[in-house]
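In what follows, a single structure is set out as structure tokens and then discussed.
We did not get these values from a lab; they are worked out from the coordinates using the rules stated. Remember, it's a predicted structure, so these values are computed and weren't measured experimentally. Here the Cβ positions follow ideal geometry from the backbone for every residue, glycine too, while neighbour counts run over all protein chains shown.
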Amino acid sequence: MSRLRYLVLVPLVAILAAVEVYPLVISFYFSVTNYDLGGIFVGLENYAQMFSDPRVYSSVGVSLAYGVGSTILCIGIGLVLTYLVTNLVRGRNFFESFFLMPLAVAPIAVGVIWAPAGFWDDINTFWHFVLHQPYFPLNNIFIAFPIVILSDAWEWAPIMMLVAISVVSGIPKEVFEAASLYGASPLQVFRRISVPTILRSRVFQFMIVLRLIDALRAFEIPFTWTTWISLPNAGSPLDTVSVLLFKLLIVPNYGFPISYISAVAIVLLVVTFSATTVLYTLMKKLGKT
């Protein structure tokens, strides 16, 4: 009987091997071969070509800035929403459900909604014709990139809110009552009691790591914006590594083989793993303080 229980895991292990392990192994195989020449082993030739390509460095930098910026904003917005919901006397269920609405929107739709022809077109119209100010130059990368990061954080902040609310609900009510008796305002109570407890929660820390992993491999929103502001070339200032891989794969003018693209994909995996490992180590130290 003791061995039978392990047989239940066989289908799950087989599925994970098919959708996780096999693509990773085959990508690594392609990265050290020349697929166009019948899979001839070329060692680190593809990686050497990649490290001499400035577009790869640019896309890695964009992915890191996008991932870190989106994660920080996502945490900040999530905590603000948590404060608003937990301090509501009436209508808490309604507003909690209302704040969850962005999760129902597909990432590609978020890119369209927040694009220059969407939400920001109305803002620009009000800004220019009502307030008589010059238009926002949304094709300026220093304006477009923060908006792209903000739109991604806006979509995923409700998850942080849900986790934070669950952590706050686990704090004994006596703690809040004692703080109120000493004259602490709701904002002070949230800042000095709720926020430290939330940030030290292992569940919340786990969600931060997952959010960073997801943000580092972002594709839909940055790709939508590269289309809107006419940045079709690979290696544009808005190209994350995922967007760069897509452009290299579908644009025939670049002519890069699948082996080269696989090498770039392996680098994305290494960058994501390294960044999340550093973040997880910092989270563990925070939980011990």
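Numbers at a glance
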quantity	calculated
Dipole of the chain [Lys/Arg +1, Asp/Glu -1 at C-beta], most positive-end residue of Val110, Pro11, Asn46	Pro11
Point-charge dipole on Cβ atoms (K/R +1, D/E -1) for the chain, about Cα centre, debye to 20	1180 debye
Val148, Val85 arranged by Cβ crowding within 10 Å, fewest neighbours leading	Val85, Val148
Formal net charge of residues neighbouring Ile208 (Cβ-Cβ distance under 14 Å; K, R +1; D, E -1)	+4
Degrees between helix 22-31 axis and first principal axis of the chain (Cα, 0 to 90, nearest 10)	50 degrees
Separation between Cα centres of the stretch 52-121 and the stretch 154-192, rounded to whole Å	21 Å
The chain: angle of helix 241-250 to the longest principal axis, Cα-based, in degrees nearest 10	40 degrees
Theoretical FRET efficiency, 1/(1+(r/R0)^6), r = Cβ-Cβ of Arg200 and Ile141, R0 22 Å, to 0.05	0.05
